[in-house]
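Enquirer: My questions will all concern the structure given below.
The values are calculated or read from the model by the stated rules, or taken from the named source; none is laboratory data. Since the model is a prediction, treat every value here as computed from it, not as a measurement. No Cβ is skipped: glycine too gets one built from the backbone with ideal geometry, and neighbour counts run over all protein chains shown.
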Amino acid sequence: AQRVTQPEKLLSVFKGAPVELKCNYSYSGSPELFWYVQYSRQRLQLLLRHISRESIKGFTADLNKGETSFHLKKPFAQEEDSAMYYCALSGRPGGTSYGKLTFGQGTILTVHP
Amino acid sequence: DVKVTQSSRYLVKRTGEKVFLECVQDMDHENMFWYRQDPGLGLRLIYFSYDVKMKEKGDIPEGYSVSREKKERFSLILESASTNQTSMYLCASRTRAGEFYEQYFGPGTRLTVT
């Protein structure tokens, strides 16, 4: 069974400090991994996906297959980064879980001024 | 711009009532999903639909059913609402084309069952 774990329910940092949101997964095979974000009073939206190897709003995430992790990082946090963050996993095309997302429990990030 | 709409932002129902939550998307997406979002539990998949008249159970289907008669509309039905179904319900859709898994979410319906 596939599983996503975000060990921190809450994370608080000060503006300008580095931030890392942890995500660990279990999946037999090579998954696709994503970070979704939900800002206050807004709908859930995709932040980034590992396959694109992109940096969005200064955030990056590296897939570590050895540690089965996909941590989200930003070197200098901003107040507008305060939000709920979800890590999510999907199987690759051809697999039974293709197209379905399994989400972690979420981490609420608060960036203080 | 993808738009996923849900029929109500807030809903209050009584125990035992039959409840319908409606979701409509305007991007001709084949796949649609219903999740519930609970603090500390994240998003859990209730049901999904790969195409019209197709449906599959997700991780927590008990107490729910769905209907997909038209491509743009996916309904979640609580046959007999119970207090443990008080939650935020999110609908999402995605295209089946290519390898882009991005799911587009609706604003959510906060359901309270008293």
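Enquirer: Whether any residue in the stretch B:102-114 is more than 10 Å from chain A (Cβ to nearest Cβ), hydroxyl-bearing (Ser, Thr, Tyr) and outside any strand (DSSP E or B) is what I want to check.
Expert: Yes, the stretch B:102-114 contains at least one residue that is more than 10 Å from chain A (Cβ to nearest Cβ), hydroxyl-bearing (Ser, Thr, Tyr) and outside any strand (DSSP E or B).
Enquirer: In addition: From the set of residues in the stretch A:7-51 that are without any contact (Cβ under 8 Å) to a residue 40 or more places away in the chain, under 21 Å from A:Glu80 (Cα atoms) and at the interface with chain B (Cβ under 10 Å from one of its Cβ atoms), which is surrounded by the most Cβ atoms within 10 Å (Cβ to Cβ)?
Expert: The extreme case among them is A:Arg49.
Enquirer: Count, please, the residues in the stretch B:38-54 that happen to be within 16 Å of B:Ser93 (Cα to Cα) and crowded, with 18+ Cβ neighbours inside 10 Å.
Expert: Number of matching residues: 6.
Enquirer: Within the stretch B:13-24, is there a residue that is in contact with a Lys or Arg (Cβ under 8 Å, 6 or more places away or on another chain) and either of a type in the set (Gly, Ala, Ser) or without any contact (Cβ under 8 Å) to a residue 24 or more places away in the chain (or both)?
Expert: Taking every residue of the stretch B:13-24 in turn, none turns out to be in contact with a Lys or Arg (Cβ under 8 Å, 6 or more places away or on another chain) and either of a type in the set (Gly, Ala, Ser) or without any contact (Cβ under 8 Å) to a residue 24 or more places away in the chain (or both).
Enquirer: Let me ask another. Please go through (1) within 19 Å of A:His112 (Cβ to Cβ); (2) surrounded by fewer than 20 Cβ atoms within 10 Å (Cβ to Cβ) for A:Glu54 and return the number of the only condition it doesn't satisfy.
Expert: (1)
Enquirer: If I ask for residues that are part of a loop (DSSP other than H, G, I, E, B) and at pLDDT 80 or above, which ones from the stretch A:96-110 would you list?
Expert: Result: A:Lys100, A:Leu101, A:Gly104, A:Gln105, A:Gly106.
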